[in-house]
Amino acid sequence: MVSIILPVYKDQKNLNRMLIELRANKTDLIWELIVVDDGSSTPLTLGDNPLANWQIIHHKSQRGAATSRNSGVKQAGGEFLILLSVFLKIPKDYLSRVSAFIESNQFDFAQHLLEPDPGLPLTEFQVFLSGQKERLSPQPDTLPIKNSLFTAAIIKKEVYCYVKGFDESMNHYGGHEIDLVYRLDQAGFKNRRIIPDFPLQRVKIENHKKIQVRLQEYGKIGLPALLKKHPELKKMILLYPGVWSFMKMFGLPKLIEERLAKQIEQDIELSKRQYRLYLHLLVRNAWDAR
């Protein structure tokens, strides 16, 4: 049996779409869906005719992704957890293919690659963001800790519970996911894999302004909390400290960030190296300014 955990906040429209897509899956796999309504002002529903294996949990107030996922897992009866996000498209053969992957592979953590829905109008920056495969290790069976995400992931419930799930005190963008993957790694659950030839499509990709806000929040709040708990991760995340200190002497990091931001707002196509630098600068400058 597998349990699908789906946190949702104020998005009945995409929830309805996902329910239709899941209902269209025909499979012998025993599965359940646990939707966690994370404090939506208008409570979310499972529609007029929910399947018997669907349930919904309502938080009285918004508590964030980490707490929502933990709430769902507490109610899960499956051996495997499938952690999904509401902006993903679910193909008609999704459950059958997931079942085949689970039966034929050994893993501690497995992750779908994501790609944009072909119908989405994208800026050049969003095209870069959606090219997830290019930002991963060239080794197909190895997922680095910092690239392991729970947007579309599979993990054994036993493994998830062994490390006590997400740390709810770190309920800020980015930090709670790296924290959990790192704790899994330290506990010996190191087999992190990409689910091959099975990407999921996103029906929504955040715009530049929202990415700015999220990464700056990560730099100011999520990352300090992460490094306070795991100071040994600083070398992996805050790269080239000597070069960074030299650049700061001349005020270059903020100047470069502002210049790249202006070009992105104008939808000028930049190189992948420039985009990666920009994302790093958003986090690093926010870290320095905290």
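Just so you know, all these numbers are worked out from the coordinates, no wet-lab data involved. Here the structure is a predicted model, which means the values were calculated and not measured. Backbone-built Cβ (ideal geometry, glycine too); neighbour counts: all protein chains shown.
For segment 9-24, backbone phi angles converted through the Karplus equation (6.51, -1.76, 1.60; θ = phi - 60°) give residue-by-residue couplings of 9, 6, 9, 5, 4, 6, 4, 4, 4, 5, 5, 5, 5, 5, 4, 6 Hz, Gly and Pro being listed as x. Here the peptides 181-194, 265-278 are ranked by packing, the mean other Cβ count within 10 Å, and the order with the highest first is 181-194, 265-278. On a per residue basis, the convex hull of the C-alpha atoms belonging to segment 1-128 measures out at 141 Å³. Here the label points at Thr27 and Arg97, each 7 Å from Cα along the C-beta direction, are separated by 1.1 nm in the simple model. Based on Cα contacts under 8 Å between residues 6+ apart, the chain shows a relative contact order of 19 percent.
Reported to the nearest whole Å, the Cα centre-to-centre distance from segment 167-197 to segment 52-93 is 17.
Phi angles of segment 213-219 translate, via the Karplus equation with coefficients 6.51, -1.76, 1.60 and θ = phi - 60°, into HN-Hα couplings of 4, 5, 6, 5, 5, 4, x Hz per residue; Gly and Pro are given as x. Using the alpha-carbon positions of the chain, Rg (one decimal) and Dmax (whole number) come out as 19.5, 63 Å.
Legend: P(r) of segment 119-242 from all alpha carbon pair distances, 5 Å bins from 0, whole percents, reading 2, 9, 17, 21, 21, 18, 9, 3, 0.
Here is how the number arises for the chain: DSSP H runs of 4 or more residues each give -39500 (n - 2.57), the sum is divided by the residue count, and the result at 222 nm is -12500 deg cm²/dmol. When you work out D = kT/(6 pi eta Rh) for segment 194-290 at 4 °C and 1.567 mPa s, using the Kirkwood radius from C-alpha pairs as Rh and the Stokes-Einstein form, the result is 86 µm²/s. Per-residue extension of 0.36 nm, minus the Cα-Cα distance of Glu232 and Asn49, leaves a gain of 60.9 nm for this segment.
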